[in-house]
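Participant: Dropping the structure in here first, questions after.
The values are calculated or read from the model by the stated rules, or taken from the named source; none is laboratory data. Please read all numbers here as calculations on a predicted model, not as lab measurements. For neighbour counting, all protein chains shown are included, and Cβ atoms are generated from backbone atoms with ideal geometry for every residue, glycine included.
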Amino acid sequence: METTTGLPFDAFARACPSRETLEHVTGRWGSLTVGALRDGSCRFNELRRKVDGVSEKMLSQTLQALERDGIVRREAQPVNPPRVDYELTPLGIEVADRLLGLIHFLEGSMPQVLSARESYDAARGGR
């Protein structure tokens, strides 16, 4: 059954599998990981340095979820010591481009956001 948008999936529907992918991509670590990989492939620790503040466990879980969704490709190199590279798939590149547009928009809008927060907090007796 198609949705009102004509697409076969509807993220607003509770059982739609696109919700899980949306969560993987738009969660804090997912969006930052996808954005960080847009510049090209990275090794795990290099990616962890780019995504400042992410724990090893969270980055590993995030990468596994994104790989499962077909957004990230993991490539183990047959060398000693072992080397694993992560890169975006074609789908991942498209997702990253859209996410980076939003990220850059928000970064540029931060003066408005900070002003709104200040007004909100002042009206409610501070935070």
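Participant: Within region 63-73, take every residue that is touching a strand residue (DSSP E or B) at 6+ places or on another chain (Cβ under 6 Å) and not hydrophobic (A, V, I, L, M, F, W, C) and give me the one that is farthest from C42 (Cα to Cα).
Facilitator: E67
Participant: Please enumerate the residues belonging to region 9-54 that are in a helix (DSSP H, G or I) and at pLDDT below 90.
Facilitator: Hits for region 9-54: nothing passes.
Participant: Being surrounded by 15 or more Cβ atoms within 10 Å (Cβ to Cβ), of a type in the set (K, R) and free of Cβ contacts under 8 Å to residues at least 40 places away in the same chain is true for just one of R98, R73, R124. Which residue is that?
Facilitator: Checking each option against the conditions leaves just R73.
Participant: Quick check on this structure: which one of L22, L66, L37 is under 20 Å from L102 (Cβ atoms) and without any contact (Cβ under 8 Å) to a residue 24 or more places away in the chain?
Facilitator: Answer to the check: L22.
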